[in-house]
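J.: Sharing a structure below in structure tokens format, with a few things to ask.
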Amino acid sequence: MKTLSIDVRRAEPQDAGAISETHRVSWLHAYGGLIPHRPLVRMVDRRDETWWRKATRGPATLLVLDVAGTIAGYATLGLNRARAMPQEGEVYELYLRPEYQGLGLGRLLFGEAQRLLKSLGCNGLIVWCLEDGEQAQAFFRAAGGDDIAEGMEDFGEKELKKIGFVWK
């Protein structure tokens, strides 16, 4: 019998190439058809391996979901950027490669992000997602989030509404 290892851990500089590819495929999958093509491609291209290598040393915490040596997903988290909201922590990003979605791995990654923020003394957390991102909304609702805030996100050619999900 073969054992499959699944681990959520802090990203290391040598993970940068794999995170960049995971970012590319997950963003194109999640946002294709929602965000206009040019701004989406520019956003994806800007986060190359060098960008992610720097991110492993940056102020935000970067977690990776490692499935048998493959970076299947990542999450970035830190202090809440929306000072008007009382939640102290924020999960800035949480993405999985499409082939790893629907297996419970997103819940594992999100749970680790929640635990880490709590261990750092953050009371409550917020996550933002696009209103038209039905899969993300369903995920955060199933994870117990309450959608209590709205905002707008500018993508050059188009503004899209975003929703803030909170956990107390």
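J.: Considering only strands (runs of 3 or more DSSP E) fully contained in region 72-168, which possess at least 1 residues that are acidic (Asp, Glu), closer than 21 Å to His37 by Cα and touching a His at 6+ places or on another chain (Cβ under 7 Å)?
T.: none
J.: Mind checking which pairs have a first residue in region 37-60 that is under 13 Å from Arg24 (Cα atoms) and a second that is at pLDDT below 95 and in a loop (DSSP other than H, G, I, E, B), Cβ under 8 Å, 6 or more apart or different chains?
T.: Leu40/Phe155
J.: Still on this structure, please answer the following. Examine region 47-56 for a residue that is in a loop (DSSP other than H, G, I, E, B), in contact with a Pro (Cβ under 9 Å, 6 or more places away or on another chain), among the hydroxyl-bearing types (Ser, Thr, Tyr) and within 24 Å of Val127 (Cα to Cα), and state whether such a residue exists.
T.: Yes, region 47-56 has at least one match.
J.: Assess whether His29 counts as being under 14 Å from the mean Cα position of the chain (by Cα) and surrounded by fewer than 20 Cβ atoms within 10 Å (Cβ to Cβ).
T.: So His29 fits the description; yes.
J.: Among the residues of region 5-33, which ones are within 16 Å of Gln135 (Cα to Cα) and touching a strand residue (DSSP E or B) at 6+ places or on another chain (Cβ under 6 Å)?
T.: Correct list: Ser26 only.
J.: Give region 1-25 a look and list any residue that's among the charged types (D, E, K, R) and either farther than 30 Å from Arg42 by Cα or outside any strand (DSSP E or B) (or both), or say none.
T.: Lys2, Asp7, Glu12, Asp15, Glu21, Arg24 - these are the residues of region 1-25 that are among the charged types (D, E, K, R) and either farther than 30 Å from Arg42 by Cα or outside any strand (DSSP E or B) (or both).
J.: List the residue pairs whose Cβ atoms are under 6 Å apart, where the first residue sits in region 109-122 and is among the acidic types (Asp, Glu), the second is buried (at least 18 other Cβ atoms within 10 Å of the Cβ), and the two are 6 or more positions apart or on different chains.
T.: Glu112/Val8
J.: Out of curiosity, is Ala11 touching a residue at least 12 places away in the same chain (Cβ under 8 Å) and touching a Ser or Thr at 6+ places or on another chain (Cβ under 9 Å)?
T.: So Ala11 fits the description; yes.
The values are calculated or read from the model by the stated rules, or taken from the named source; none is laboratory data. None of these values were measured; they are calculated from a predicted model. When we count neighbours, we look across all protein chains shown, and the Cβ atoms used for this are built from the backbone with ideal geometry, even at glycine.
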